[in-house]
Amino acid sequence: MRKTGVASEERQPLTYLEAIREGLREEMEADESVFILGEDIGRYGGAFKLTEGFLAQFGAGRVIDMPISEAAIVGAAIGASQVGLKPIAEMQFIDFIAPAFDMLVNFAAKYRYRTGDGASIVVRGPCGGGGRGGPFHSQNVESYFLNVAGLKMVAPSTPHDAKGMLKAAIRDPDPVLYFEHKYLYRRVKEVLPEEDYVVPIGKARCAREGDALSVITFGAMVQRSLQAAEVIADEDGAEIEVIDLRTLNPMDDTAIVESVKKTNRCLIVHEASRTGGIAGEIVARVNEYCFEWLDAPVRRVTAPDTPVPFSPPLEDQYLVQVDDITSAARWMLAY
Amino acid sequence: MARVDVIMPQMGESIVEGTITRWMANIGDEVKRDESILEISTDKVDADIPSPVAGTLIEILVDEGNTVEVGTVIARIETEADAAVSAVETAKTSAAAEPAAATAAPAPAAAAVAAGPAPTKIDGDGPGTREGRLRSRSTPVVRRIAAEHGVDISRLTGSGIAGRVTKKDILAFIEGGGALPSGMPTGAPGMLYVPIHGDTLEIKIPDVIVRENDRVEEMSVMRQRIMEHMLMSRRISAHVSSVFEIDFERVGALRRKLKPRFEQDGVKLTYLAFIVKAVLESLKEFPVLNASVVGRKVVYHSDYNVGMAVAMDAGSGLIVPVIKGADELSLLGLARRIQELGERARTRQLDPDDVQGGTFTITNPGVFGSLFGTPIINQPQVGILGIGAIEKRPVVIDDMIAVRLRSYFGLTFDHRVVDGAMGDFFMSKVKEVLEDFPEES
């Protein structure tokens, strides 16, 4: 039996990756219908060793190594969901979700509307750049799916949220795409609550309070935006508010609108490329709901419209850096 | 005659220096405004740089092939024009307007100019209309605040880029109490200027002899706003008032009956909740009372947001919190909202949002003993209902004198859109609902 009431200082901080692992394990321990499937997740323990030990603990019936076919992985998960199981499909890198596009868009997303019952699946995978992974192992894919009604999307930025949102996703009756930023895997750590907790889908988080400008962001860009906010606070004396969206669909309009109405300035930061990126959608909403509260044009800081480069200097140039955020923020503050 | 400096323009946010690759004009040449005078090269773009002004190129300070920092003076042009007028600073604003990310947006090829100590000044290419000037000098939130406070933005000095008036500027201006006196044209002394939509109302202040022991004090900001608002309303609307007497026996009995039950929910049931309910039913039947006039158009509001005038303590002012979506509330919901807004108004804890968006207003002079009033319309609404004292009166019923709980209601309406008959239909409906108020669960 687990000891309860242990003071939190005795609990070890967990990395983002460990938090996901712990969330997966707890849900599988608690609910026999939860199982995982993906490439190399069993015997090998996953490309990032996230599911190491799972095969031994849960057996081959609930930790299924799949052939290299993402369409088959997601298709099998959807089928399993229709007989009452709760599958969690892993994309070894989220870039590889493309072959499963049809399964997600035309099957998973549509079940709720066709039959009244959702396809209760989670599709999770490591996203994002900064790891010198090049164009096929560094992408952010959220905007491919943003136009698809019926797919929920989450992108946690902290170990706490990573675990809590994974649980929320698993318990959700509809398909959830779960984007875990691999740059954060081993770079952020925190002590998590001992009790079972869930971070609800659809609720943003205020990562830093401020009154001068709102940065709307998510994923690894939360850390970077917080760094930029500290620079601006130190050097310019202006307090920037950072809103961590956490859920990309359905988006927490209320949190965005409340913050923008307070600060009157809105800067959107995301890692994916610019055109058709999620920032465009947020700009539209801010324009629709907050036009008369704006004291400066809404702006975006994003990657340019190219694939993620291999070369380290080029990748650094491609990715949004702290300076990119501070210079956009300064321009807006002076406007 | 003035000398204008040509400076190395900033060709992009991250560009700090540029190389002069070729001078196309020589010393002594006459140059036209926007005529290319040199080529520069930076690590992101190569560009022809146009002359910022028309004049004579009198000095070249940086030779071909040399690299200098952005902002360095590279040449001087002598012009006929007054320096202050020709001074423009376009590069900073246009460079700043380019996207922040590393996308290679082409930078505009315009020379930045600094003429002596002349301050930056926007002008030139923008539209010359008043609307255009406002647009270039303010942002949506600033225009909204300006409209709410009757501030003429074009009279403010802005601290933003190109002299743009920022939210901070206008709030400081308003807080400084400057909104009216310094914001308004300073015409002849003895005139009061009150902003009304798109215009200024000029009122001659009557001569007042201030004697030795008289006390003179500045109006509070709230007092000034009320003054402006009332004068503006009187000027804009065609006020007509009509008085009805309403029997409160039915509502009085219902109130006695429901009061204990409402108290269990922590809600004080007042006559006002019944009156708001009756007003809402009447507004729904006669929607022209729940409307606004915009030029030659009538806006029929789909929301029913009823404002209730609340006197601040000791008559120090008046504020009108608004019951939003009042038509969706039950009697209990209305009573709760009235109580809550009233408390917050008296303790000065209303949010800006609480006092905006009203579509009809109720005021209650009866609580101070008034028999009935002819209130002034709360713009941009078209009707306001004044509640007189609710008290026992002798009345003739079936040729007998009876003692009944009664009140005079005075409706002031805007004759621009509400005719007398319509106003009285509305009041008849209010009377009918209150005198036969339905039993509510």
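Annotations for the structure displayed:
- Restricting attention to region A:223-250, the residues being assigned to a helix (DSSP H, G or I), within 21 Å of residue A:163 (Cβ to Cβ) and in contact with a Ser or Thr (Cβ under 8 Å, 6 or more places away or on another chain) number 1.
- The residue pairs whose first member lies in region B:135-161 and is facing chain A (nearest Cβ under 8 Å), whose second member is assigned to a helix (DSSP H, G or I) and small (Gly, Ala, Ser), and whose beta carbons are closer than 9 Å, counting only pairs six or more residues apart or on different chains, are B:160/A:334; B:161/A:334; B:161/B:96.
- Residue match in region A:289-301 (condition: under 25 Å from residue A:200 (Cβ atoms) and either assigned to a helix (DSSP H, G or I) or under 25 Å from the mean Cα position of the chain (by Cα) (or both)): yes
- When residues of region A:295-319 are limited to those that are at the interface with another protein chain (Cβ under 7 Å from one of its Cβ atoms) and β-branched (Val, Ile, Thr), the one surrounded by the most Cβ atoms within 10 Å (Cβ to Cβ): A:301
- For region A:325-335, the condition holds for at least one residue, the condition being that it is at the interface with another protein chain (Cβ under 8 Å from one of its Cβ atoms) and not in a helix (DSSP H, G or I).
- Screening A:285, A:274 for residues that are more than 12 Å from chain B (Cβ to nearest Cβ) and either within 16 Å of residue A:205 (Cα to Cα) or touching a residue at least 24 places away in the same chain (Cβ under 8 Å) (or both) leaves exactly one candidate, A:285.
- For residue A:280, the stated conditions do not hold, so it cannot be described as within 14 Å of another protein chain (Cβ to nearest Cβ), at positive phi and not basic (Lys, Arg).
- Single condition residue B:180 does not satisfy, out of (1) part of a loop (DSSP other than H, G, I, E, B); (2) closer than 30 Å to residue B:386 by Cα; (3) at pLDDT 80 or above: (3)
- Between B:333, B:307, the distinction of being surrounded by 14 or more Cβ atoms within 10 Å (Cβ to Cβ) and in contact with a Gly (Cβ under 9 Å, 6 or more places away or on another chain) belongs to B:307 only.
Quick grid of which residues meet (1) at pLDDT 95 or above; (2) of a type in the set (D, E, K, R):
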{"residue": "B:366", "(1), (2)": "no, no"}
{"residue": "B:389", "(1), (2)": "no, no"}
{"residue": "B:399", "(1), (2)": "no, yes"}
{"residue": "B:402", "(1), (2)": "no, no"}
{"residue": "B:412", "(1), (2)": "yes, no"}
{"residue": "B:416", "(1), (2)": "no, yes"}
{"residue": "B:420", "(1), (2)": "no, no"}
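- Tally, over region B:338-372, of residues that are in a helix (DSSP H, G or I) and not basic (Lys, Arg): 15
- Test: residue in region A:11-21 that is surrounded by fewer than 14 Cβ atoms within 10 Å (Cβ to Cβ), at pLDDT 95 or above and either of a type in the set (Lys, Arg) or assigned to a helix (DSSP H, G or I) (or both): no
- For region A:249-263, filtered to residues that are touching a residue at least 24 places away in the same chain (Cβ under 8 Å) and farther than 19 Å from residue A:226 by Cα, the residue that is surrounded by the fewest Cβ atoms within 10 Å (Cβ to Cβ) is A:250.
- Listed conditions (1) more than 13 Å from chain B (Cβ to nearest Cβ); (2) out of contact with any helix residue (DSSP H, G or I) (no Cβ under 8 Å at 6 or more places or on another chain); (3) closer than 22 Å to residue A:180 by Cα are all met by residue A:244, apart from (2).
- Of all residues in region A:61-110 being of a type in the set (A, V, I, L, M, F, W, C) and part of a loop (DSSP other than H, G, I, E, B), the one that is farthest from residue A:21 (Cα to Cα): A:83
- Residue satisfying condition, being hydrophobic (A, V, I, L, M, F, W, C), over 15 Å from residue B:140 (Cβ atoms) and within 24 Å of the chain's Cα centre (by Cα), within set A:267, A:314: A:267
- Residue A:211 fulfils the conditions (1) within 17 Å of the chain's Cα centre (by Cα); (2) among the acidic types (Asp, Glu); (3) surrounded by fewer than 24 Cβ atoms within 10 Å (Cβ to Cβ); (4) within 14 Å of chain B (Cβ to nearest Cβ) except for a single criterion, (1).
The values are calculated or read from the model by the stated rules, or taken from the named source; none is laboratory data. Remember, predicted model here, so these are calculated numbers, not experimental data. Note that we place each Cβ from the backbone using ideal geometry, even for glycine, and neighbour counts take in every protein chain shown.
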